[in-house]
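The values are calculated or read from the model by the stated rules, or taken from the named source; none is laboratory data. Small disclaimer: the values here were computed from a predicted structure and weren't measured. Here Cβ is always computed from backbone atoms with ideal geometry, including for glycine, and neighbour counts include all displayed protein chains. The protein model used for the area step is the full one, side chains on, heavy atoms only, and it has no ligands, DNA or RNA in it. Shrake-Rupley method; radii C 1.70, N 1.55, O 1.52, S 1.80 Å.
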Amino acid sequence: MDAGNWSQVTEFIILGFPHLQGIQAYLFVLLLLIYLTTVLGNLLVFLVVCLDSQLHTPMYHFVSILSLLELGYTAATVPKMLSNLLREEKTISFSGCLLQIYFFHSLGATECYLLTAMAYDRYLAICRPLHYSTLMTPARCAKIAVGCWLGGLAGPVAEISLVSRLPFCGPNRIQHIFCDFPPVLSLACTDTSINVLVDFAINSCKILATFLLILSSYVQIVRTVLRIPSVAGKTKAFSTCASHLTVVLIFYGSILFMYVRLKSSYSLDYDRALAVIYSVLTPFLNPFVYSLRNKDIKEAVRRQLKRSGILIDVKVGKAGQGRR
């Protein structure tokens, strides 16, 4: 297209859920409750792990980082989604859209790497228990965590750079619930095949590589656990992996269908539903998965409540009722 025949778009309109216009207020309340629960739940897990010395192990070190990561991951999209539910003009600036894409994808990539590190930690703990303390030292654990963050933050730089150079001359309506590469690329006034190919290649390598590494870790874990003679031993070994595996299946189950494909082979509503799963529901479920299913974290919460005096008051009240 001739450069003289178009003007650069300075803002986009995020359509969100156009078929649910009549219940925007109810969606706002529901999403707000989910977001507040996500923030409080992940913040609780993060603080409990930091404050309780008995949880200062590599596994819970990664759990605390994951909780902190989820706080930033949801903050990249959910507050804007909430504000759009209350506004007639659901706009976002061009630079704001690119920033949202960057933080959403960089933090998502960091989560992929962190979940892989957590799988490796479980592999060492179960398959090589005698060498675990020497292989997963606090220093190495910190280096792995820093590597996950640096790798994630650097991940979408090339994609963002390519998108920022594209001409956008209208329409400016994003058929999604937040800014993301596929719906934004569809609005460009030029051929985006290179962008689509780069996006597909980066996402495929990042998502498939980490997923295969996690899968290979669990194959080794299952082989080791099946050789344990006692049923109690097998149950205990599997229980240490259950929470992590649950998060992996939910998170990867949605992003694999969303990003590892060249063309959008599903409806827009299908893409929106997948986006809700990995951007809203997964961070919401993580604190419940790691706290309600984890005895160590539940005991740590109990210890912190005792130190604050809350459980003491409850017990005194019950004792008083018993004497009456």
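How high is the relative contact order of the stretch 1-137, in percent, counting Cα pairs under 8 Å that sit 6 or more residues apart? Relative contact order for the stretch 1-137 comes out at 32 percent.
Only Cα pairs under 8 Å and 6+ residues apart enter the sum, and on that basis the relative contact order of the chain stands at 26 percent.
Share of carbon and sulfur in the accessible area of the chain stands at 67%, probe radius 1.4 Å. Only one item in [x] 21.3; [y] 21.9; [z] 25.5 matches Kirkwood radius over Cα pairs in Å derived from the coordinates shown, and that item is [y]. For the residues Arg128, Arg165, Arg140, a GNM of the chain with alpha-carbon springs under 10 Å puts the largest fluctuation on Arg165. A Cβ-based charge dipole, computed about the Cα centre of the chain with Lys and Arg at +1 and Asp and Glu at -1, lands at about 1940 debye. Using the Cβ of Leu20 as centre and a radius below 12 Å, the other residues enclosed give a net charge of 0, where K and R count +1 and D and E count -1. By the Cβ distance rule of under 4.7 Å, the chain has these cysteines without a partner: Cys50, Cys112, Cys127, Cys141, Cys148, Cys205, Cys241.
What does the charge count near Asp52 come to, summing +1 for each Lys or Arg and -1 for each Asp or Glu among other residues with Cβ under 14 Å from its Cβ? Local charge sum for Asp52: +4.
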